[in-house]
Amino acid sequence: MASVDHELSRAPAWFQTLDRILRTTIMWVSCTLIVMMVAFTVYTVVMRYVFQNPPFWGDTVSLFCNIWLVLIAYALAVRDREDIASEAIYVYLKPGAVKALRFTWQAMTFLFGMFLIWFGLDAAQNVPGQFWELGGLPKKFPMLALPLCGTLVALVTAINIAEDLFDWRRPAPLGTV
């Protein structure tokens, strides 16, 4: 842990570029998904209650947008280190224990990302059936959200761990994120 007076080493330019591109991409995809989810929901409700002719696919597509949004945005929460709400106990622990606990959370999150990649790919490849309301779309395509989420979570967690190991990020004061 760097002292307060010591200037932290700056992350390499490629690292900062990767981080910026990753954050921006995740944010734009998440924003697009939430707009699409709201649009499909509003369209379905208007068609159902105003015109008495709801689309048979509206709820399904809105649900897919919601699920993909949550899974993809989770990577953004991990990158911002807002995924584990255990900060309240840190005020009772010594700084070394806090650092070890934060590293443990990051390692467990990385392993969770790897779990999602492994079992998400297996689930996507082996899920039977199709969505008749979406023109026979195989169920494996919506299931690809799991390995995508796992890949993003593992990647951003690796970035978090690199920042901690190389002191590219000043640790948050105790009691804050």
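The values are calculated or read from the model by the stated rules, or taken from the named source; none is laboratory data. Remember, it's a predicted structure, so these values are computed and weren't measured experimentally. Don't worry about glycine lacking a Cβ; one is built from the backbone with ideal geometry, like all the others, and counts go over all protein chains shown. The accessibility values were calculated without ligands, DNA or RNA, using every heavy atom of the protein model including side chains. Shrake-Rupley method; radii C 1.70, N 1.55, O 1.52, S 1.80 Å.
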Checklist entry - With the other protein chains left in place, how much accessible area per residue, in square angstrom, belongs to the range 1-126 at a 1.4 angstrom probe? => result 67
Checklist entry - Per the 1.4 Å probe, what fraction of the accessible area of the chain, in percent, lies on carbon and sulfur atoms? => result 71
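Taking a 1.4 Å probe, which of CYS31, CYS149 shows the most accessible area, and what order do the others take after it?
Details: CYS31 60, CYS149 0 Å².
Ranking CYS31, CYS149 by accessible area, largest first, yields CYS31, CYS149.
Taking the Cα centre of the chain as origin, sum charge times position over the Cβ atoms of Lys and Arg (+1) and Asp and Glu (-1), and report the length of that vector in debye to the nearest 20. Don't skip to the answer; put the middle values down first.
Numbers: 13 positive and 13 negative charges, 14 e Å.
With Lys and Arg at +1 and Asp and Glu at -1, about 60 debye.
With the alpha-carbon atoms as the only input, what is the per residue convex hull volume for the chain in Å³?
On the way: hull volume 24.7 nm³, N = 177.
Roughly 139 Å³ of hull volume per residue.
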Checklist entry - Shape of the range 43-145 from its Cα gyration tensor (a ≥ b ≥ c, root eigenvalues): rounded if a/c is under 1.5, otherwise prolate when a/b > b/c, or oblate? => result oblate
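In the chain, once you exclude exposed GluC sites (Glu not before Pro) (DSSP loop, at most 12 other Cβ within 10 angstrom), what's the longest stretch remaining? Can you show the working numbers first?
On the way: sites that count: GLU7, GLU82.
Between exposed loop sites, the widest span is 83-177.
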Checklist entry - Hey, if you put +1 on the Cβ of every Lys and Arg and -1 on every Asp and Glu Cβ in the range 24-175, which of THR109, VAL153, TRP68 ends up farthest toward the positive end of that dipole? => result THR109
Next on the checklist: At 7 Å along Cα-to-Cβ for each site, give me the label-to-label distance between ARG169 and TRP57 in nm.
Outcome noted: 4.0
